[in-house]
Amino acid sequence: MVGQEQAFGQGSMIRSLLKQRKIPNMILWGPPGCGKTSLANIISNICKEQINTMRFVKLSATMSGINDVKEVVKVAKNEAQFKRQTILFMDEIHRFNKLQQDTFLPHVENGTITLIGATTENPSFSLNNALLSRCRVVVMEKLSVEDIMKILIKAIHRSKDTVIASSKKDIVNINVDSCPRCIIEEPSLRWLAEVCDGDARVALGALELALASRNADRDVAVSGPATLTLEDIKNGIKRSHVLYDRKGEEHYNIISALQKSIRASDDNAALYWTVRALHGGEDPLYIARRLVRAACEDIGLADQGALVEAVACYQGCQNIGMPECDVLLAQCAVRLARASKSREVYQAMKKCQQSLAETKGPLPPVPLHLRNAPTKLMKQLSEYTTRAKKNYLLARKFVS
């Protein structure tokens, strides 16, 4: 595998287990295009080598249901009688709800199947705790630019009809007798690796599309090899790939980055995360709500006008919508970042909440001098009228 040295590099526990042909229950958690399915293919090849003792089944939660899982379990029970271990790879396992995930529990528990789940969502939120306790969560990182470059170069070498030139000057020195159909400049390839945001699948897809469009109806013997330029690759990908899931963990990561940038009075960072959230397709009203929250939580009484402007920004986003409301959000984010900060009210509120949560027994009653006396009977009660009026008047005098 390219990348994932921490999880599967030399000396890692998972690598040692795979070498020993011992496959544990695992949840592969990582962003799109980081190699989760590639690892499943590696395990599938291991099972083919050990066909007498291992059986590999691949399902996807987007296309399969509980009945498909039950069918796999039924066959797995029969195979277990012949001492064949069944490894079930469930892609997009987070698409199953918590009730559907319970189907795996007894069979994972008794060893009927070995479960390998792949997910782009945080398992802490998307998977059952009972299932998580029976599986090892393997965190797979986003691929680096160098990792993507290795994958692209390997794919080009496999095609055999495309060569890489380190610069435009080197294109003229390439031996055309080897009959390459296309020549690609290395700087263009690196640009693709940088903009795909660690997603090897996006990078390979864009490269394939660019090569196919450049080589279409081209006679190499007559015209010579085509040169794949940066513009060709840009046409293949159209725009930089942005990882953003409006319902997933990256959604919360970016919004958290926005609020922390405001809290740190970093106006450039606040503007960047606002634009990035919008660029990824975030609901502008959600961003506006977070800005209103930040105006109270992080700025508070230090600049009371900040809350007024944040609420006005929210109302403006409601009235005009996208794409016109983007500048409202940008201005509000910068305004809040530059404002004076005070978390006095927020921290005091948290202490009150903590005090209430830690109170044992019944909560204390409201003091008499703070109570309302809406009825004639309550006003006539000597205890109420005497003590309450005295304490209330003392309180008013103290405030004055």
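The values are calculated or read from the model by the stated rules, or taken from the named source; none is laboratory data. Fair warning: this is a prediction, and the values are worked out from it, not measured in the lab. No Cβ is skipped: glycine too gets one built from the backbone with ideal geometry, and neighbour counts run over all protein chains shown.
Note on segment 130-147: among residues that are among the acidic types (Asp, Glu) and in a helix (DSSP H, G or I), the one that is surrounded by the fewest Cβ atoms within 10 Å (Cβ to Cβ) is 146. Counting only helices (runs of 4 or more DSSP H) that fall entirely inside segment 13-104 and contain at least 2 residues that are farther than 30 Å from residue 147 by Cα, the qualifying elements are 66-80, 98-101.
Take residue 85 and tell me if it is of a type outside the set (Phe, Trp, Tyr), surrounded by 14 or more Cβ atoms within 10 Å (Cβ to Cβ), over 25 Å from residue 143 (Cα atoms) and in contact (Cβ under 8 Å) with a residue 40 or more places away in the chain. Yes, satisfied. Would you confirm whether any residue within segment 83-91 is out of contact with any Asp or Glu (no Cβ under 9 Å at 6 or more places or on another chain) and among the hydroxyl-bearing types (Ser, Thr, Tyr)? No: segment 83-91 contains no residue that is out of contact with any Asp or Glu (no Cβ under 9 Å at 6 or more places or on another chain) and among the hydroxyl-bearing types (Ser, Thr, Tyr). Out of everything in segment 63-97 that is of a type in the set (Val, Ile, Thr) and over 20 Å from residue 41 (Cβ atoms), what residue ends up being farthest from the chain's Cα centre (by Cα)? Among those that are of a type in the set (Val, Ile, Thr) and over 20 Å from residue 41 (Cβ atoms), it is 75. The lone criterion from (1) surrounded by 14 or more Cβ atoms within 10 Å (Cβ to Cβ); (2) among the small types (Gly, Ala, Ser); (3) more than 22 Å from residue 250 (Cα to Cα) left unmet by residue 118 is number (3). Of the residues making up segment 105-129, those that are among the small types (Gly, Ala, Ser) and either farther than 24 Å from residue 45 by Cα or in a helix (DSSP H, G or I) (or both) are 124, 126.
To keep it simple, each residue is scored yes or no on (1) out of contact with any helix residue (DSSP H, G or I) (no Cβ under 9 Å at 6 or more places or on another chain); (2) β-branched (Val, Ile, Thr); (3) not assigned by TED's automatic domain parsing to the domain that holds residue 120.
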residue: 16; (1), (2), (3): yes, no, no
residue: 22; (1), (2), (3): no, no, no
residue: 29; (1), (2), (3): no, no, no
residue: 73; (1), (2), (3): no, yes, no
residue: 81; (1), (2), (3): yes, no, no
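Any chance you could count how many residues in segment 69-91 are out of contact with any strand residue (DSSP E or B) (no Cβ under 6 Å at 6 or more places or on another chain) and charged (D, E, K, R)? Of the residues in segment 69-91, 5 are out of contact with any strand residue (DSSP E or B) (no Cβ under 6 Å at 6 or more places or on another chain) and charged (D, E, K, R). Number of residues in segment 43-78 that are within 17 Å of residue 106 (Cβ to Cβ) and touching a residue at least 24 places away in the same chain (Cβ under 8 Å): the value is 7.
Does residue 51 count as touching a Pro at 6+ places or on another chain (Cβ under 6 Å) and either buried (at least 19 other Cβ atoms within 10 Å of the Cβ) or over 21 Å from residue 137 (Cβ atoms) (or both)?
no
Scanning segment 330-353 for residues that are in a helix (DSSP H, G or I) and modelled with pLDDT under 95 yields 344, 345, 346, 347, 348, 349, 350, 351, 352, 353.
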